[in-house]
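A short reminder: the numbers here are calculations on the coordinates, not readings from a lab. A quick note: this is a predicted structure, and the numbers were derived from the prediction, not measured. Positions of Cβ are backbone-derived with ideal geometry, glycine not excepted, and every protein chain shown enters the neighbour counts.
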């Protein structure tokens, strides 16, 4: 059962990953360029603040990721969770659309699953996730204001 759960959470964590986010940017380039630009700006804000934080504060991941260069060390730092920031941004981004309550409930369930997957897979602890959620909220709010 452990291997099955690990595979499920690996798939869930994909939704907060860069590949899925880039897929959405490309999709919105086709559907609505304005939304695509918001996704790009949100991603830039998330990475900018993550870089600044990780330049001055290193927090090892729960699984103690190894690194041999400065760039790898930045990636090996777990604070804040970029997956949590991206999925939070996407959750709040989805509110731009006038969709049904069941859709938003489903998006929220996926949001929670991604957050939990990062802890389950030993990539982050709760503090990393909370900081990532806050970062995603800041990135979202900065595009609204």
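Some observations on this one:
- Degrees separating the helix 101-120 axis from the principal Cα axis of the chain, which is the longest one: 10 degrees
- Helix 82-93 vs. the chain, principal-axis angle (Cα, 0 to 90°, nearest 10): 10 degrees
- Pairwise FRET efficiency - residue 66 versus residue 6, Cβ, R0 = 25 Å, nearest 0.05: 0.80
- Taking 0.36 nm per residue of separation and subtracting the current Cα-Cα distance, fully stretching the chain between residue 126 and residue 74 would add 16.8 nm.
- Distance from the Cα centroid of segment 1-53 to that of segment 91-145 is 11 Å (rounded to whole angstrom).
- The calculated FRET efficiency for the pair residue 137 and residue 24, based on their C-beta separation and a Förster distance of 22 Å, comes to about 0.75.
- Estimated FRET transfer efficiency (residue 34, residue 100; beta-carbon r; R0 22 Å; 0.05): 0.45
- Angstrom value of the Kirkwood radius, inverse mean 1/r, which spans all Cα pairs in segment 1-107: 15.7 Å
- The chain: angle of helix 18-31 to the longest principal axis, Cα-based, in degrees nearest 10: 20 degrees
- Mean separation of Cα pairs under 8 Å and 6 or more residues apart, divided by the residue count, gives the chain a relative contact order of 34 percent.
- Footprinting exposure proxy ranking of 86, 38, fewest other C-beta atoms within 10 angstrom first, gives 38, 86.
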